[in-house]
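This report concerns only the one structure given below.
Computed from the coordinates by the stated procedures, all read-outs in this text should not be read as laboratory data. Predicted model only: the values in this text are computed from it and were never measured. Note that we place each Cβ from the backbone using ideal geometry, even for glycine, and neighbour counts take in every protein chain shown.
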There are 2 protein chains.
Amino acid sequence: MLIEPRVLKGFRDSLPHQEIHKKRLVHRLEDTFSRFGFVPIDTPILEYAEVLLGKGGGETDKQVYRFTDHGGRDVAMRFDLTVPFARFLAANRGELALPFKRYHIGKVFRGENTQRGRYREFFQCDFDAVGPDAVSTDFEILLMIHAALSNLGARDITIHVSHRGLFNRFLDGLGIRGESEYVLRTVDKVRKVGRDQTAAALAERIPAAAAERILAYIGAEGPYETVLGQMVDLAGGAGPDTERLRAIGELAAATGVAESVRLDPSITRGLDYYTGVVFETFLGGIESIGSVCSGGRYDDLVLLYSKQAMPGVGASIGLDRLIAALGELQGLPDTASSADVLVTMQSPDLIAHYHVLAKQLRAAGIRSEVYPEARKLGQQFAYAERSGIPYAIVCGEDERREGVVNLRRLETRENIERRTIEQVVETVRK
Amino acid sequence: MLIEPRVLKGFRDSLPHQEIHKKRLVHRLEDTFSRFGFVPIDTPILEYAEVLLGKGGGETDKQVYRFTDHGGRDVAMRFDLTVPFARFLAANRGELALPFKRYHIGKVFRGENTQRGRYREFFQCDFDAVGPDAVSTDFEILLMIHAALSNLGARDITIHVSHRGLFNRFLDGLGIRGESEYVLRTVDKVRKVGRDQTAAALAERIPAAAAERILAYIGAEGPYETVLGQMVDLAGGAGPDTERLRAIGELAAATGVAESVRLDPSITRGLDYYTGVVFETFLGGIESIGSVCSGGRYDDLVLLYSKQAMPGVGASIGLDRLIAALGELQGLPDTASSADVLVTMQSPDLIAHYHVLAKQLRAAGIRSEVYPEARKLGQQFAYAERSGIPYAIVCGEDERREGVVNLRRLETRENIERRTIEQVVETVRK
């Protein structure tokens, strides 16, 4: 009885062309992060359920893969990289120099409803700087988001910035701080549902005058300085929060990214644990896909595990969504070549020579493989074409004796005869 | 009530210096694989238990993390990368060009006894070439193992090669094929328990004359050709199996790796599913750590899921063991620098200028970070030293006006004054 080779709903294989593309993207992200002095960490996929969910366990619970292991332990698979980072900080504090700046790219698991096109296993990419509550660090994260996305080939990047602490101060001024949870939840949806529906929702619980001021606050648009001016007015004057936003605008201008940093008071990041700067990132032309990188500053990430607070600022990229977004903008490669050169096997007697040729090519950095059997050359060329390999080498006894090979460019079916390996390397490198 | 930030027994965090080291190693492996035309894939961490364990489920079962998910499915976390590869081949056959050569690096999970220093979450690195049963492919895997380990800085690499099919033929000749399972299990331990204990164990079930011949077979030592001659004799003459081994020896000689390929008939790979060439790899000086890369040729990997056979040859590297082995040979770096240059913050008024300097350095490929606060320079230097950052930049208003910076080499505490950014780049690159 055969077993059906099926995968679980919400899970999927990554085929070579997808995996090559993803690895390239991840390497570029890592390259950017390391240029900013960020270092990688990893944490276990499986942790104590209590550690991941807290003593109680909130709304996420239902989505968490949780079970009892062989030793009777209540365990769960990580559902994000933030909670494990908090646990990591608390556990390894003694070994870390502050400011501690880490990135973490890995799989997370959520038993979500797959009807909304969501996957149950997906990649997150988080980066955080933990240390002093400084504008320099806030800005560094924004600059790094811009550099990382640029390095991936994204153009027209806009990071929408606001300040949760300022928003709270503004709600205090309106005397409706008690409704802040409702307001945050409502305002967070404005981009999706529009201004009218947001107004209606606010009116249900908030006095009309206050609702109007909230709409004015989150609706402010225009140049950075203009919007900041409106926010200062609506919040009842300047403070460290508006000063922070002002300094960020100045740093953006000084470093040449002002065009990509927009003050947008409608960004509040819903019910997340942020307390300072918050931001979301959109790519021009596909704003509808939503934010590809979001985050903010928090007062404390480790309070569940430690009494000593650790403020920080960080962001998260949903890698699968970002890959989809870049694919929509740039087009995705649907084949990926496995090699640059296929050394065909014309004669089985020359098999050792073919492996020597391939070895010489590899030593010059040319990806090369030897076709394993002496089939008809047409079949071997067909394999190369199907695998996206651009060049084939054909070599018989005569060529071997003369120290040359014949090179075939598969796309044009052009044959370049009697080349030395050095000449092949030169041609392929172009 | 605080939650203790503990990790599960057998699981562990990867700190930056460990993770940087591991990523560097993985990138080098990937580089080698891609030079050989191997492409990456990935599969889900979680699969149907039936798919991973078969309808029955054998000895591994007890170690498998298996549970019922929200949808009532019987699921399990992958415990190796071989079974998922077989499932992958059966599921995606239509999209793959043969020969199909893939590598896969990922986490696997086994609830093993941690007392033996084993981890329950660890990294495997598998590579296989599926397609015709050809000597060229067998040899390519051996050559790639040699290249991959060399690329990691390993010296004195010895791949011990044998042939499971030949061993079976030999047992047939002795008329004890029915005891082959017992013999394989016993012979597989000879490296650990020694010749005498193996002889005693064989004597329990095998006639004395046959046991003696088995010991002669697995004990053969010497130059490749000599050992091959003994194997041919003991197995009752040449055959396709001994011809395969002979051809591998010739290819090794022709490609300059003869010193690293040793014929060793004691290699049988126990009860694994291999049918052809089998091999284990040892590093000089730390043979006691065991094989760092093992594998072989199999007739069919997908028979659980498909009627169409898919022969192949492949190998597996236990990454954690390899990292430990290389660490023992080369010494492990115990700090890893997060950046090349720390731009110190001498004056908070110049914060924009510091970010511009860091940006210029990054554009030149220099990893740079800005210290977030205007603390005493001594404190900032201490942070750089603790983080392994070799250079610090100090810049006040005078230097900014003149377009220069002062560069400090932290190890020697040497100050190099009034340098342009171009000069800094040049110095740091050295």
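Quick notes on this one:
- For B:Ile317, the shell of other residues with beta-carbons less than 13 Å away shows a net charge of -3, using +1 for Lys and Arg and -1 for Asp and Glu.
- The lysine pair count for chain A, using Cα distances under 19 Å and pairs eight or more places apart or on different chains, is 6.
- Taken one residue at a time, the phi angles of segment A:279-294 give Karplus couplings (6.51, -1.76, 1.60, θ = phi - 60°) of 7, 9, 10, 10, 9, x, x, 9, 4, 4, 5, x, 6, 8, 7, 10 Hz. Gly and Pro are set to x.
- Of all chain A residues, the closest to the A-onto-B rotation axis by Cβ, with that distance in whole Å, is A:Phe67, 2.
- Ordered from longest to shortest, the equivalent ellipsoid semi-axes for segment B:176-274 are 26, 14, 13 Å, each the square root of 5 times a Cα gyration tensor eigenvalue.
- Translational diffusion of segment B:68-205, µm² s⁻¹ [Kirkwood Rh, Cα pairs; Stokes-Einstein; 25 °C; 0.890 mPa s]: 128 µm²/s
- Projected-area average for the protein assembly as shown over all orientations - Cα convex hull basis, square nanometres: 40.6 nm²
- Average beta-carbon neighbours from other chains, 10 Å sphere, peptide A:148-155: 0
- DSSP bridge pairs, segment A:341-429: antiparallel proportion in percent, nearest 5: 55 percent
- 10 Å Cβ neighbours from other chains, averaged over peptide B:17-25: 3
- Note, ³J(HN,Hα) from phi for segment A:348-364, Karplus 6.51, -1.76, 1.60, rounded to Hz, x at Gly and Pro: x, 5, 9, 4, 5, 4, 4, 5, 5, 4, 4, 5, 5, 4, 4, 4, 8
- Each other residue within a Cβ distance under 13 Å of B:Gly222 adds +1 if Lys or Arg and -1 if Asp or Glu, for a net charge of -2.
- Net charge of Cβ neighbours under 9 Å - reference A:Leu361; Lys, Arg +1; Asp, Glu -1: +3
- In a reduced charge model with +1 at each Lys and Arg Cβ and -1 at each Asp and Glu Cβ, chain A shows a dipole moment near 740 debye about its Cα centre.
- Taking only the alpha carbons of segment B:16-330, we obtain Rg and Dmax values of 19.8, 61 Å in that order.
- Least to most buried among A:Ser291, B:Ser306 (fewest other Cβ within 10 Å first): B:Ser306, A:Ser291
- Charging the Cβ of each Asp and Glu at -1 and of each Lys and Arg at +1, and nothing else, the dipole of the protein assembly as shown about its Cα centre rounds to 500 debye.
- For segment B:251-304, the direction-averaged projected area of the alpha-carbon convex hull comes to 5.1 nm².
- B:Ser14 long-range amide H proximity, modeled H, under 5 Å: A:Asp42, A:Thr43
- Label-point spacing for B:Ala382 across the identical copies (point 7 Å from Cα in the Cβ direction), in nm and ascending order: 7.2.
- Shielding by partners for peptide A:133-140, expressed as the average number of C-beta atoms from other protein chains within 10 Å of each residue's C-beta, is 5.
- For the peptides A:279-286, B:373-380, B:405-412, residues were scored by their other Cβ atoms within 10 Å and the scores averaged per peptide; the highest-first order is A:279-286, B:405-412, B:373-380.
- For chain B, the 222 nm mean residue ellipticity estimated from helices alone, with every DSSP H stretch of n ≥ 4 adding -39500 (n - 2.57) and the total spread over all residues, rounds to -12500 deg cm²/dmol.
- Whole-percent pair-distance distribution, where bins are 5 Å wide, for the alpha carbons of segment A:316-430: 2, 11, 21, 21, 16, 8, 6, 6, 5, 3, 1, 0
- Using the Karplus relation 6.51 cos²θ - 1.76 cosθ + 1.60 with θ = phi - 60°, the per-residue 3J(HN,Hα) values for segment A:43-48 come to 9, x, 5, 10, 9, 4 Hz, with x marking Gly and Pro.
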